[in-house]
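Q: Take a look at the following structure, please.
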Amino acid sequence: FALFNLFANCQLFTPALASPRVGQITMGIAGRCRRCCAVVEQVGDGFLRHAGPFYVALGCSLVAMVAYSLLFVVLPLTKDLHSWRGACTFAGVSFVFVNIGFNYLLAVRVDPGSPVTRDVQVVCAEAGAAVRRWCAKCKCPKPALTHHCSVCKRCVLKMDHHCPWIHNCVGHGNYRYFHNFLFWLWVGCLVTVWHTGGAAVGGPRGISVFGLGKIGGGMHQVNHPASTHQADRRAGSTGITGAVPESRFGGGNEEPYPHQTPKFTADERSAALFSCLLAVSVFLAMCGLWWWHVYLVLTAQTSIDFHYFSEKRKEFRNRGEVYVNPHDLGWRRNWQQVFDERGRYWFVAWSLPRLKPHRGTGVPIAMER
C-alpha cells in the first residue's frame, strides 16, 4: 500500500511529468490495486472461516496417529512395560500427549474474549480516558491490545492472531491453552524423536548425536512378557510358547535370547518413520514459534502489537528518547498475569492443565506515554 500511495501522490515521477493527467492515471491505478487487495483479503478470510474445521480435524488426526504409533507400536516392542522403568516411560509419554490434547481442545473451544460483553464495557467506562478507541463495526470500545478480527468478524481482547489450526482467535481467554499447546507439542516432538529414531532409521543401537548421546535404540531388552506376547501373536498358531518366526528375531526360529533384537515389520517401521519425520519437522517449527511467544509473554506484547511497539521505539529513538511499553510489568509479573498463576509454585503451575477461566477482564489499564 505504501507503493500505491507513492503512485497516487505522483512521488515516483519528476515535476515535469507530474501533470494532472498523470496524477489521475496513477490515482486510478492505486485505487484498482486497493480494490484488488481488498477482494483477495476477503477471499482469504472466507477460506479461513470455512476451512477451519478441516484444519482442526487434520491436527487432531496427526497427533492421534503419532500418539498411537509411539504408545502402542514402538514402546511395547522396545520397552518392558511390565517393569517399573517401562511403566514409568509409558506413563510419562502418555502424560505429555494428554497435555497436548487437553490444551489443543481448550484452545479451540474457549472464547478468547470480546469487549462487547457487559463486564468489559463496565471496566472500559470506569477506565475513562485510558480507553480511547472505538470499533465502528462492533459498536463497542476497543481497549489497548484489542483488535478487530476480519475472519471472526468481531473484536478480540488482547488479540495475538487468528489461528486456522484452532479455528479460533488467540486472545485473552485462551492464550494460556494455545501457549501450553505449543510448549507440550515441543516436548512431545522431542519425546517422539527420542523413542522412534532408532526404530525408524537407527537400527537396534539408535542414532548417535555428535557422540554425546543416542536417540532411539534401547531394544536390547526384548525377552520380556510384552515383546514375547506380541511375537507369539504374530507367529500364528505354532503351538510353541515363545516360538518366533525368523522375520521377528535374528538367529532363525529358536527362542529369543536377551541379547537379540526384534525386527520391526514393514508397517511398524513405516509408522515409526512417519512419526519420527513428522516430529522432527514440527519440532523445528516449534523452536521458532514457541520461543517467539515466550519472548512476547516476557515483554508484555502480542504478535500484532509487536509491530506497533517497534514503530514507537523507532520514532522515539529518532528523537533521542527511549520508548517504554506501558503494559510491561517486568518479566515475572508479565508471565504471572498472562497465565493467571501467582501462587508459590507459579513457575510450575503455568504448564499444568487447568479448567478455571482467567480471572482478569482482559482490559489493560495503562496510559500511553
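Q: Could you run the Karplus curve 6.51 cos²θ - 1.76 cosθ + 1.60 with θ = phi - 60° over the range 331-338 and give me ³J(HN,Hα) per residue in whole Hz, x for Gly and Pro?
A: Coupling constants for the range 331-338: 4, 5, 5, 4, 5, 5, 5, 5 Hz.
Q: What fraction, in whole percent, of alpha-carbon pairs in the range 268-329 exceed 15 Å separation? Working shown, then result.
A: Values: 1229 of 1891 pairs.
Pairs farther apart than 15 Å: 65 percent.
Q: Which net charge results for the neighbourhood of Gly173, defined as the other residues with beta-carbon distances under 10 angstrom from its beta-carbon, given Lys and Arg at +1 and Asp and Glu at -1? Each step should come with its number before you reach the end.
A: Details: positive: Lys158, Arg176; negative: Asp111.
It works out to a net charge of +1.
Q: Mind grabbing the base-10 log of I(q)/I(0) for the range 40-121 at q = 0.17, 0.18, 0.23, 0.26 Å⁻¹? Debye formula, identical points on the C-alpha positions, no solvent, two decimal places.
A: -0.83, -0.88, -1.09, -1.17
Q: Can you work out the FRET efficiency for the pair Gln42 and Val280, with r the C-beta to C-beta distance and R0 = 35 Å, to the nearest 0.05? It would help to have the intermediate numbers written out before the result.
A: Working: r = 37 Å, r/R0 = 1.05.
Step by step, r from the Cβ atoms, then E = 0.40.
Q: Now, a different point. Can you list the residues, at least 5 places off or on another chain, whose amide H is less than 5 Å from the amide H of Lys142, using H built in the peptide plane?
A: It is Arg133, Trp134, Cys135, by chain and number.
Q: Taking the Cα-to-Cβ direction at Thr265 and at Arg132 and moving 7 Å from each Cα, how far apart do the two end points lie in nm?
A: 6.9
Q: Simple spin-label model, 7 Å along Cα-to-Cβ: Tyr55 to Tyr295 in nm?
A: Simple spin-label model gives 2.2 nm for this pair.
Q: In whole Hz, what ³J(HN,Hα) sequence does the range 52-64 give by Karplus (6.51, -1.76, 1.60; θ = phi - 60°), x for Gly and Pro?
A: Along the range 52-64, the couplings run x, x, 5, 4, 5, 5, 5, x, 4, 5, 5, 5, 5 Hz.
Q: Residue farthest toward the positive end of the dipole of the range 68-131, with Cβ of Lys/Arg at +1 and Asp/Glu at -1: which of Thr89, Gln121, Leu105?
A: Positive-end residue among those listed: Thr89.
Q: Please report the equivalent ellipsoid semi-axes of the range 75-160, computed as sqrt(5 x eigenvalue) of the Cα gyration tensor, largest first, in whole Å. Let's see the in-between values first.
A: Working: eigenvalues 454, 33, 15 Å².
One finds semi-axes of 48, 13, 9 Å for the range 75-160.
Q: Here is a further query. Which ³J(HN,Hα) values in Hz, rounded to whole numbers, follow from the phi angles of the range 76-92 under the Karplus curve 6.51 cos²θ - 1.76 cosθ + 1.60, where θ = phi - 60° and Gly and Pro get x?
A: These are the phi-based 3J(HN,Hα) values: x, 8, 10, 10, 7, 6, 8, 8, 5, 5, x, 5, 5, 4, 4, 5, x Hz.
Q: For the range 306-369, evaluate the Debye formula with one uniform point scatterer on each Cα (no solvent term) and list log10 I(q)/I(0) at q = 0.17, 0.18 Å⁻¹, rounded to two decimals.
A: Normalising to I(0) and taking log10 leaves -0.74, -0.78.
Q: Further question on the same structure: Non-local amide H neighbours of Cys155 (under 5 Å, H modeled in plane, Pro and chain starts lacking H): which ones?
A: Result for Cys155 returns Cys149.
Q: Which far-off residues, 5 or more places away or on another chain, put their amide H under 5 Å from the one on Gly171, with H placed in the peptide plane?
A: When sequence neighbours closer than 5 places are left aside, the close amide H contacts are Asp160.
Q: What is the sum of charges, Lys and Arg at +1 and Asp and Glu at -1, for the other residues whose Cβ falls under 14 Å from the Cβ of Pro164? Please list the in-between numbers first.
A: Values: positive: Arg49; negative: Asp45, Asp160.
Around Pro164, the surrounding residues sum to -1.
Q: What is the calculated FRET efficiency for His161 to Glu315, with r their C-beta to C-beta distance and R₀ = 22 Å, to the nearest 0.05?
A: Working: r = 24 Å, r/R0 = 1.09.
Calculated value: 0.35.
Q: Subtracting the Cα-Cα distance from 0.36 nm times the residue separation, let me have the gained length for Ser150 to Leu62 in nm, one decimal. Present the calculation step by step, with values, prior to reporting the outcome.
A: Numbers: separation 88, 0.36 × 88 = 31.68 nm, distance 2.83 nm.
Residue separation times 0.36 nm, minus the Cα-Cα distance, leaves 28.8 nm.
Q: To continue, here is another question. Between Ala91 and Ala349, how high is the FRET efficiency from 1/(1 + (r/R0)^6) when r is the Cβ-Cβ distance and R₀ = 25 Å? Nearest 0.05.
A: 0.75
Q: A further question follows. How large is the dipole of the range 293-363 about the Cα centre if only Lys and Arg carry +1 and Asp and Glu carry -1, each at its Cβ, rounded to the nearest 20 debye? Before the final figure, lay out each step's value.
A: Numbers: 12 positive and 7 negative charges, 48 e Å.
Charge dipole, the range 293-363, about its Cα centre: 240 debye, nearest 20.
No lab work stands behind these numbers, since they all come straight from the coordinates. Please read these numbers as outputs of a predicted model, since none were measured by experiment. We place every Cβ from the backbone using ideal geometry, glycine too, and count neighbours over all the protein chains shown.
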